[in-house]
Amino acid sequence: MYLTHDIAVAAYLMMKGLHLKDAYINSRGTYVFEIEDPNGKAQQLSIQFLNSECSIFDNQMRNLRKILKVRN
């Protein structure tokens, strides 16, 4: 089982064929995604995500949200 708090990483892992076992908000109010990882590939794929265009896209989405929050 692979756990992540990052929704973008979880989505990327699912896009790469891993399956979501559970998703919830813990007592601290943070997201938790439990990803089934029978072949131990999730860690490597998470690093792959950080070096991908998907990560760049996710960061730009975050930047746009920040810009909109500042203007409101």
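The values are calculated or read from the model by the stated rules, or taken from the named source; none is laboratory data. Bear in mind the structure is a predicted one, so any value in this text is a computation, not a measurement. For neighbour counting, all protein chains shown are included, and Cβ atoms are generated from backbone atoms with ideal geometry for every residue, glycine included. Just the protein is used for accessible areas: all its heavy atoms, side chains included, with ligands, DNA and RNA removed. Shrake-Rupley method; radii C 1.70, N 1.55, O 1.52, S 1.80 Å.
So the values come out like this:
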quantity: Computed accessible area, Val70, all protein chains, 1.4 angstrom probe, square angstrom; calculated: 120 Å²
quantity: Rounded tilt (10° steps) of 53-71 against the dominant C-alpha axis of the chain; calculated: 30 degrees
quantity: Ellipticity estimate at 222 nm from DSSP helix runs (n ≥ 4, -39,500 (n - 2.57)) divided over the chain, nearest 500; calculated: -16000 deg cm²/dmol
quantity: Label-point separation, Asn39 to Asn72 (7 Å along Cα→Cβ), nm; calculated: 4.2 nm
quantity: Farthest toward positive dipole pole in the chain [+1 Lys/Arg, -1 Asp/Glu at C-beta], among Tyr12, Leu64, Ile35; calculated: Leu64
quantity: Globularity index of the chain, i.e. its alpha-carbon radius of gyration over 2.2 N^0.38 Å; calculated: 1.23
quantity: Ser27/Arg65 FRET efficiency (R0 25 Å; Cβ-Cβ; nearest 0.05); calculated: 0.50
quantity: Per-pair calculated FRET efficiency, R0 = 22 Å: Ala11 and Glu53 via Cβ, rounded to 0.05; calculated: 0.95
quantity: Ranked by how many other beta carbons lie within 10 Å on average, peptides 21-31, 3-13 from highest; calculated: 3-13, 21-31
